[in-house]
Amino acid sequence: MTDPQQPSPTDRSDADDVEQHACPKCDAPPGSPCRSRGGAVASAYHTRRFTRVPRLKKALRGPTPADRGPGRPWRPGTPPPAPIDPDLPSADIRIGYARCSTLGPELDSQLDALSKHGIPGDKIFSEKISTRVRVRPKFGRH
């Protein structure tokens with residue numbers, strides 16, 4: 001599952017990627033646009049900041065998008081969330097569901113995997129049912 005706070009890779013803009021880094025020139029923290037000497041939001045990101053993004057390294061200029069408010073008084077933005085460790089279960093997982101056509105090692109390995117990811121046994125539902133059956137009683141209950 002994706003984190004609702006963090007844009008998916010296809011939704012990310014150049015500005016999102018640039019703002020992952022602090023600015024070495026104006027000391028803007030991660031999550032904020034660059035600021036000018038006068039204290040306003042800069043019209044473009046500082047070169048030393050936007051060139052930290054590999055795909056923008058050869059760009060000549062990194063304009064600040066309009067939604068960041070160039071020219072308006074600068075305020076710290078919201079820092080980007082820390083990356084989630086892919087080995088840890090997400091807080092979004094609340095139940096587990098395992099299904100196979102025959103009871104046996106395949107179902108056991110699915111149940112073991114769900115347990116390893118911290119899903120309590122009373123929240124794991126399993127059933128032996130064919131993939132051709134459209135109605136899955138235990139899956140539909142939750």
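The values are calculated or read from the model by the stated rules, or taken from the named source; none is laboratory data. Owing to the predicted nature of the structure, the values given are computational and were not obtained by experimental measurement. Glycine also receives a Cβ, built like all others from the backbone with ideal geometry; neighbour counts cover every protein chain displayed.
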In this structure, does Gly104 turn out to be modelled with pLDDT under 85 and either of a type in the set (Phe, Trp, Tyr) or on the phi > 0 side of the Ramachandran plot (or both)?
yes
Residues satisfying the stated conditions in the range 32-51, i.e. touching a residue at least 24 places away in the same chain (Cβ under 8 Å), assigned to a loop (DSSP other than H, G, I, E, B), surrounded by 16 or more Cβ atoms within 10 Å (Cβ to Cβ) and not hydroxyl-bearing (Ser, Thr, Tyr)
Pro33, Cys34, Ala42
Determine if the range 10-23 includes at least one residue that is modelled with pLDDT under 90 and β-branched (Val, Ile, Thr).
yes
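Determine if the range 1-8 includes at least one residue that is closer than 30 Å to Ile95 by Cα, surrounded by 15 or more Cβ atoms within 10 Å (Cβ to Cβ) and modelled with pLDDT under 90.
Quick first cut of the range 1-8, residues closer than 30 Å to Ile95 by Cα only: 1-8.
Imposing the further condition that a residue be surrounded by 15 or more Cβ atoms within 10 Å (Cβ to Cβ) reduces the set to 6.
Remaining after also requiring modelled with pLDDT under 90: 6.
Yes, the range 1-8 contains a residue that is closer than 30 Å to Ile95 by Cα, surrounded by 15 or more Cβ atoms within 10 Å (Cβ to Cβ) and modelled with pLDDT under 90.
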Answer residue from the range 12-31, given it is surrounded by 21 or more Cβ atoms within 10 Å (Cβ to Cβ) and assigned to a loop (DSSP other than H, G, I, E, B) and is nearest to the chain's Cα centre (by Cα) among those:
Glu19
